[in-house]
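These notes are about the structure you will find just below.
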Amino acid sequence: MSESISVIREKLSHVISEQDPFFQLCLQDERKGVIKLIESTRKKWEKEAQLIAKLAEMKQYETDLSTQGFQYIAGVDEVGRGPLAGPVVAAAVILPADFSVLGINDSKQLSEAKRDMLFEIIKKEALSIGVGIVEHDMIDQVNIYEATKLAMSEALDQLNPAPDFILVDAMPLKYSESELSLIKGDTKSISIAAASIIAKVTRDRMMQHYDALYPGYDFANNMGYGTKKHLNGLDTIGVCPIHRLSFSPVKEAKLHFESLK
């Protein structure tokens with residue numbers, strides 16, 4: 001074959017099967033560069049096949065519920081139960097039945113760039129999205145578990161159309177009689193995974209904004225979790241207006257600084 005490696009690379013990017021005549025022609029080319037292109041093309045196909053299989057697996061709950069007559073199936077997830085500062089954020093998402101975007105998964109398993117990209121796609125293609133935000137002071141009043149349920153309920157209240165079935169990650173919400181709680185649901189349900197992405201990107205952006213308002217805790221990187229830099233900030237600066245005063249390290253830092261007055 002007389003084509004250059006760069007030309008072959010471009011042509012292979014459009015090939016989707018080993019049965020393609022051009023791919024078969026490439027198999028006869030003994031140049032090392034072409035052999036490497038064939039290997040990388042096969043790896044790309046293998047990865048795409050895995051993503052397609054994962055998508056089908058992630059849509060199984062929604063598909064089964066659809067066959068039972070449910071039309072508006074909402075996935076619900078939260079982010080921010082463990083941090084020492086900032087709100088807990090929940091999202092509820094209803095996706096169309098033909099939603100087929102590859103790569104949707106538990107938001108914690110995705111890079112920031114991938115989450116941001118999927119965030120925009122979900123916002124564009126979802127039938128409805130709701131976001132519930134419960135701030136630090138309410139968390140201190142009612143505890144983090146109840147605050148999480150409040151955030152989830154708030155997110156569901158915003159959905160239009162209203163859901164006729166709800167899939168919730170991990171915790172039983174009891175928002176509706178037509179509801180199913182799934183352990184590690186953000187790895188099992190496309191709707192819950194989409195909600196986890198919406199919730200995480202929303203909360204991460206809030207914490208990045210708070211980092212500018214309250215420097216010294218590294219909120220832009222730790223999102224309020226108790227990292228070494230965050231704990232060092234508590235030790236040297238004390239608490240800031242978005243800290244959860246009912247959480248032990250914050251409570252201890254507050255008492256320490258009050259004792260110095």
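Only the coordinates and a few stated rules stand behind these numbers; no lab work does. Treat the numbers as computed from the prediction; the structure is a model and nothing was measured. Note that we place each Cβ from the backbone using ideal geometry, even for glycine, and neighbour counts take in every protein chain shown.
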Using the alpha-carbon centroid of each, what span in Å lies between region 1-45 and region 49-123?
35 Å
Rounded to the nearest 10, the angle in degrees between the Cα long axis of helix 144-157 and the longest principal axis of the Cα atoms of the chain comes to 60 degrees
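Mind putting a number on the dipole of the chain about its Cα centre? Charges go on the C-beta only, +1 for Lys and Arg and -1 for Asp and Glu, and I need it in Debye to the nearest 20. List each step's numbers first, then the result.
Numbers: 30 positive and 37 negative charges, 161 e Å.
That gives a dipole near 780 debye.
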Length gained if Ser176 through Glu146 is fully extended, taking 0.36 nm per residue and subtracting the Cα-Cα distance, is 9.1 nm
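Do the alpha carbons of any pairs in Lys47/Lys149; Lys149/Lys200; Lys184/Lys251 sit beyond 28 Å of each other, and which pairs?
Details: Lys47/Lys149 37 Å; Lys149/Lys200 16 Å; Lys184/Lys251 31 Å.
As for pairs spanning more than 28 Å Cα to Cα, those are Lys47/Lys149; Lys184/Lys251.
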Taking neighbour counts of Cβ atoms within 10 Å as a proxy for exposure, in what order, fewest first, do Asp98, Asp77, Asp169, Asp218 appear?
Asp98, Asp218, Asp169, Asp77
Distance in nm between Ser100 and Glu3 label points, each 7 Å along Cα→Cβ, equals 2.6 nm
I'd like the orientation of helix 32-58 relative to the chain: the angle between its Cα long axis and the longest Cα principal axis, in ° from 0 to 90, rounded to 10.
50 degrees
Hey, got a sec? Which GluC sites (Glu not before Pro) in region 1-109 land in a DSSP loop and have at most 14 other Cβ atoms within 10 Å?
Glu18, Glu30
Starting from the Cα of Gln68, step 7 Å along the direction of its Cβ; do the same at Leu27; then give the gap between the two resulting points in nm.
4.6 nm
Going by alpha carbons, how many degrees (0 to 90, nearest 10) lie between the helix axis of 190-213 and the longest principal axis of the chain?
60 degrees
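Once you list every other residue whose beta carbon is under 14 Å from the beta carbon of Glu48, what net charge do they have if Lys and Arg are +1 and Asp and Glu are -1? Display every interim value, and only then the final one.
Numbers: positive: Arg42, Lys43, Lys44, Lys47, Lys54; negative: Glu18, Glu46.
Result for the neighbourhood of Glu48: +3.
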Placing +1 on the Cβ of each Lys and Arg and -1 on the Cβ of each Asp and Glu in region 60-203, which of Val168, Leu84, Gly130 has its Cα farthest towards the positive end of the resulting dipole?
Leu84
When the charge dipole of the chain is computed with +1 on Lys and Arg Cβ and -1 on Asp and Glu Cβ about the Cα centre, the Cα farthest towards its positive end, among Ile144, Leu55, Thr41, belongs to Thr41
